[in-house]
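These notes concern the structure reproduced below.
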Amino acid sequence: MRHLIARIRTFVRESNEIFACHEVPKSRVFLLDQTRKQLRQLSLTQSLLFEQALTCAEIGINRAACVIAWTAFMDFFEHKIVETGLPKLHTLKPDWRKYGSVEALREHVPEFQLIDAAEQIGLISKNEKKALHGLLAKRNECAHPSDYEPSSNETIGYLAELLNRLSALSERRLV
């Protein structure tokens, strides 16, 4: 099975390179190899999820790509909050003291509220909070039945924004 997937990826990559030469704007054919290099900074779980999202984007399953990419981002985000800001979070939200692990936060705290809390503890700015709320809304639109179908360009933009925000957060520490 892995051999078949590898052959399909090779075919897709090579065909994209050929078609890119014949497209009017060459940038319309997006090769995701550069994006895959960014995944090295992630945990194995996060990397695998982003890899699945990129594969979905490559073959045009755009809604699934957005949902899976958001899942990978939130896994990173939740770990970042627990690793860098859990004591401060518990001080600001005493009712959340019973949530001392990533799993407990994930199970009991809605993502929207967790993003709000990240701003309150100083992990993200107000503008970043608003942007993450927007990305969450886009994920929700993709995850639930609707007429919305993101284009390939929108999907690639969504994935790129999540990876860029993840990179920005990766070096951030609370003071």
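The values are calculated or read from the model by the stated rules, or taken from the named source; none is laboratory data. None of the values given here were measured: they were computed from a predicted structure. Quick reminder, even Gly has a Cβ in these numbers, built from the backbone with ideal geometry, and neighbours come from all protein chains shown. Only protein heavy atoms, including side chains, enter the accessible area calculation; ligands, DNA and RNA are left aside. Shrake-Rupley method; radii C 1.70, N 1.55, O 1.52, S 1.80 Å.
Before moving on, here are some points about what is shown:
- In a fully extended conformation the segment linking GLU83 and PHE112 would gain 8.5 nm over its present Cα-Cα distance, using 0.36 nm per residue.
- Ordering ILE61, ILE115 by accessible surface, largest first, gives ILE61, ILE115; the 1.4 Å probe counts only protein heavy atoms, with every chain in place.
- Heavy-atom accessible surface of region 38-175, averaged per residue, reaches 51 Å², computed with a 1.4 Å probe.
- Summarising the label geometry, the points placed 7 Å from Cα in the beta-carbon direction at ASN140 and SER43 lie 2.5 nm from one another.
- Of all accessible heavy-atom area on region 116-175, the percent that carbon and sulfur account for (1.4 Å): 48
- Global geometry of region 57-137, whether rounded, prolate or oblate, following the gyration tensor of its Cα atoms and the 1.5 cut on a/c: prolate
- Nearest-10 value in Å² for the accessible area of PHE112, using the 1.4 Å probe: 100
- Surface composition of region 52-110: carbon plus sulfur atoms contribute 53% of the solvent-accessible area (1.4 Å probe, protein chains only, all chains present).
- Efficiency of FRET between GLU149 and GLU119 - r from beta-carbon atoms, R0 45 angstrom, step 0.05: 0.90
- Per-residue surface analysis assigns GLU149 an accessible area of about 110 Å², computed on protein heavy atoms at 1.4 Å probe radius.
- Projected label points at MET1 and ASN164, each 7 Å from Cα along the beta carbon direction, are separated by 3.6 nanometres.
- Fully extended contour minus Cα-Cα distance, from GLU128 to GLU14, at 0.36 nm per residue: 37.3 nm
- Only protein heavy atoms count here; under a 1.4 Å probe, VAL109 has an accessible surface of about 10 Å².
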